[in-house]
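Take a look at the structure set out below.
The values are calculated or read from the model by the stated rules, or taken from the named source; none is laboratory data. The model shown is predicted, which means the values in this text are computed figures rather than measured ones. Positions of Cβ are backbone-derived with ideal geometry, glycine not excepted, and every protein chain shown enters the neighbour counts. Just so you know, the surface numbers come from the protein's heavy atoms only, side chains and all, with ligands and any DNA or RNA stripped out. Shrake-Rupley method; radii C 1.70, N 1.55, O 1.52, S 1.80 Å.
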Amino acid sequence: MTKSGSALLFFLVKAAITISLIVVIFMKIDFSVLARHLDGGGAVYLFFGTLLLAINVLVVAARWWLLLRRLGVEALSLGYAMAGTYASVFVGQATPGAIGADAVRGWLCYGRGVALRTIIMSLVTDRLLALLGLVGVSLAVWYWQFDAAGRSVGVQIAILAAALAAGAAFALWLMPALTDRLAERWVRLRKVHELVAIFRFTALSRAGAAGLLLSGIVVALTVNAVILFAHGFGVALASSVAYLVVPIAILFSSLPISIGGWGVREASLSYGLVLFGLRPDDAALLGLALGIGLLLASLPGGIVMLMLGGQARPALHRAGGGLID
């Protein structure tokens with residue numbers, strides 16, 4: 001099978017996973033009950049929940065911009081970083097996991113003359129801080145709400161946190177020393193060591209600390225959006241449960257096994273809420289509401305894509321070595 005054929009098959013498998021999970025979720029929702037909940041008051045809650053998700057994009061952009069500034073990038077303003085992040089979130093709705101969204105941010109950054117390794121390190125650090133924020137919030141809530149979470153859930157969260165902490169420690173302390181030693185023997189590994197050193201320089205800084213704080217804010221805004229959706233639909237959802245389940249659902253949605261996280265995000269959120277006693281139809285409804293809210297919050301990115309369309313030209317010019325007029 002050719003490379004293009006394999007890519008098409010991989011895309012079709014992800015699309016099948018996405019569609020199958022969404023169909024299952026739709027089958028669990030009683031739309032007659034949903035219609036009765038969507039009165040004027042409920043619509044207000046849904047609007048403000050979606051607004052929180054839209055604000056989230058700006059917080060993510062600020063986190064990324066701080067990391068770029070730490071790396072000495074002066075060519076990108078905060079406003080441009082926000083516009084680029086909105087565009088990336090919009091494109092990310094139709095691409096696997098977080099890959100497509102990061103590719104858009106990187107491409108627009110590349111068009112402004114930023115070095116490729118700097119772009120890669122800013123995006124890698126940004127993703128790591130996002131993961132640390134997810135697990136950190138989950139751990140804090142589990143610690144304070146141990147009885148509500150239960151021992152089995154707590155053990156799973158603890159294992160996930162330990163694995164992430166071990167990975168972060170390896171990347172920040174052990175890997176730089178290891179690649180430095182190896183680079184002394186193999187010249188080809190010098191580039192790898194440079195990337196690792198840049199990553200450590202970025203993560204262990206005030207910008208990294210601020211980015212971690214912003215990651216926690218992103219999680220809090222997303223969780224509160226789901227809580228507002230629950231109020232809008234008349235679903236009784238405890239804040240402690242939402243803070244435990246929603247971050248894990250977001251984490252699963254970042255896996256590149258579906259289109260834009262669709263299906264996986266909704267199914268994992270629905271499943272987690274059912275474990276804490278919500279009715280399956282209510283849990284499915286909140287899962288679907290989160291997905292639709294994220295989609296609506298990303299729509300301004302479509303306008304941004306049209307406005308930034310010209311930025312693709314300088315990026316192509318650089319990539320093609322000046323062959324594109």
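So that you can scan it fast, the table gives a plain yes or no per residue for (1) closer than 25 Å to R69 by Cα; (2) at pLDDT below 75; (3) not aromatic (F, W, Y):
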site	(1), (2), (3)
L174	no, yes, yes
R181	no, yes, yes
E184	no, yes, yes
V192	yes, yes, yes
T202	yes, no, yes
A209	yes, no, yes
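Whether any residue in the stretch 271-279 is within 19 Å of the chain's Cα centre (by Cα) and at negative phi is what I want to check. So far as the stretch 271-279 goes, yes, one or more of its residues are within 19 Å of the chain's Cα centre (by Cα) and at negative phi. Scanning the stretch 60-81 for residues that are assigned to a helix (DSSP H, G or I) and open to solvent by 50 Å² or more (accessible area, probe 1.4 Å) yields W65, L66, R69, R70, L78. Every test in (1) open to solvent by less than 20 Å² (accessible area, probe 1.4 Å); (2) more than 22 Å from V219 (Cβ to Cβ); (3) under 20 Å from the mean Cα position of the chain (by Cα); (4) touching a residue at least 40 places away in the same chain (Cβ under 8 Å) is passed by I120 save one, and that test is (1).
Per-residue answers, yes or no, for (1) at pLDDT 85 or above; (2) closer than 21 Å to Q93 by Cβ; (3) open to solvent by 10 Å² or more (accessible area, probe 1.4 Å):
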| residue | (1), (2), (3) |
| --- | --- |
| G216 | yes, no, yes |
| A220 | yes, no, yes |
| V226 | yes, yes, no |
| G232 | yes, no, no |
| S239 | yes, no, yes |
| G261 | no, yes, no |
| V264 | no, yes, yes |
| L269 | yes, yes, no |
| L278 | yes, no, yes |
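Residues that are more than 27 Å from A267 (Cα to Cα) and either at pLDDT 75 or above or surrounded by fewer than 21 Cβ atoms within 10 Å (Cβ to Cβ) (or both) do not occur anywhere in the stretch 21-37. A single member of R127, R112, R105 is at pLDDT 85 or above, open to solvent by 20 Å² or more (accessible area, probe 1.4 Å) and either closer than 22 Å to T202 by Cβ or aliphatic (A, V, I, L, M) (or both), and it is R127.
The C-beta contact set for the stretch 233-249 (first residue in contact (Cβ under 8 Å) with a residue 60 or more places away in the chain, second residue among the β-branched types (V, I, T) and assigned to a loop (DSSP other than H, G, I, E, B), distance under 7 angstrom, 6+ apart or interchain) is empty.
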